[in-house]
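Heads up, the thing below is written out as structure tokens.
The values are calculated or read from the model by the stated rules, or taken from the named source; none is laboratory data. Model, not experiment: these values are computed from the prediction. So basically every Cβ, Gly included, is an ideal-geometry build from the backbone, and we count neighbours across all protein chains shown.
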Amino acid sequence: MVRFTVLASGSKGNSTVLSGGRTRILVDAGLSCREFFRRMKLAGEDPATLDAIVVTHEHQDHVNGLAVTARKLGIPVYFTEATHRAWMRWLTPRRQMTYAQWLEECRRQAAERQAEADPREGEPEDAESESDAQAAGADQAAESNGGQGERKNDPAWLPAVEYFEAGRPFCIGDIDLSPFTIPHDAADPVGFVFASEGIRMALATDLGYITPNVKAQLKGVDLLLLESNHDLDMLRDGPYPWSVKQRVLSRVGHLSNEAAADFLVNDYDGQAAYVILAHLSESNNLPELARVSAERALAGRASLLANRLLLACQHEPLSAVCF
């Protein structure tokens, strides 16, 4: 059986569990580990059965609980290389130094180099061997505990990291993944088409507009999860600063209800059994507005077998969609 369970969708956290065959993957880890475990339990899912985490991009609402969750479960995380680098920079920002601090650091390093260059005079021969033995013992201890101290102090440490590239399909166990580039203000953002047991499911959120390559990827799917982030009037009249409004409205921002509806009318092939609207803004949208906009767009395609419309929300998991 294939299952698609949206645990959370919105600006405060995004996570989806996908099951196919004997494989289960988590798409994005935008919830805290504790909340993620709670949502999994509510959805009837067991976190211990997860095989991997796949990341669409590095924004906080998609990676907030990533490191803790991956460590807790001991599972690999799949990124594009650029997304991984951006995530690491976000976790470990460069420390700013004053000129005085920089000068003192230069002096300290110069003193260390000078000390290393000076020969050690008057030191017993066995002192060197003793210090070497102590160092070897310390190295052996570090190896025996797996470097836990260093790992604990490194916020970006993960059990394993795997890279993928947009446009190059790959597989995790029984699930085939086809990542595709999306237009968003992140390092290397992607959407996905997942395939398992003959079922194809597409996930496309956090994109400023629907490009031709995205339109092509969203054809012939059995489930379509599509962003419907904001109502244009609510966003323009809403509380966000103008700079944020410009970002959301830009071609690397988020899809409006109107843009999602336009896609459903003009470019969607009408084949999905389920259409899930996702990433709804709590400040600039209402579920009723998103639903009505999509229902009007799908009015001519309603059937018993296709285009059942669902809305993913921020505060509780959506009932699992099963095939």
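Evaluated against (1) surrounded by 15 or more Cβ atoms within 10 Å (Cβ to Cβ); (2) without any contact (Cβ under 8 Å) to a residue 24 or more places away in the chain; (3) under 23 Å from residue 291 (Cα atoms), residue 200 falls short on exactly one condition, (3). Taking segment 286-312 as the range and being under 20 Å from residue 191 (Cβ atoms) and either basic (Lys, Arg) or in contact (Cβ under 8 Å) with a residue 40 or more places away in the chain (or both) as the test, the residues that pass are 290, 294, 312. Filtering segment 267-283 to residues that are over 23 Å from the mean Cα position of the chain (by Cα) and of a type in the set (D, E, K, R) leaves 267, 269.
Which is in contact with a Leu (Cβ under 9 Å, 6 or more places away or on another chain), assigned to a strand (DSSP E or B), modelled with pLDDT of 95 or more and aliphatic (A, V, I, L, M), of 277, 298? Before the answer, list the steps.
Working: 298 fails: assigned to a strand (DSSP E or B).
Result: 277 is the single residue among 277, 298 that is in contact with a Leu (Cβ under 9 Å, 6 or more places away or on another chain), assigned to a strand (DSSP E or B), modelled with pLDDT of 95 or more and aliphatic (A, V, I, L, M).
Looking for something at positive phi and outside any strand (DSSP E or B) - is there at least one such residue anywhere in segment 80-88? Spell out the reasoning first.
The initial filter retains those residues of segment 80-88 that are at positive phi, namely none.
There is no residue in segment 80-88 that is at positive phi and outside any strand (DSSP E or B).
For segment 222-239, the count of residues that are at pLDDT below 95, more than 14 Å from residue 312 (Cβ to Cβ) and loosely packed, with under 14 Cβ neighbours inside 10 Å is nonzero. Annotation: of all residues in segment 1-28 being crowded, with 23+ Cβ neighbours inside 10 Å, touching a His at 6+ places or on another chain (Cβ under 7 Å) and in contact (Cβ under 8 Å) with a residue 40 or more places away in the chain, the one that is farthest from residue 77 (Cα to Cα) is 9.
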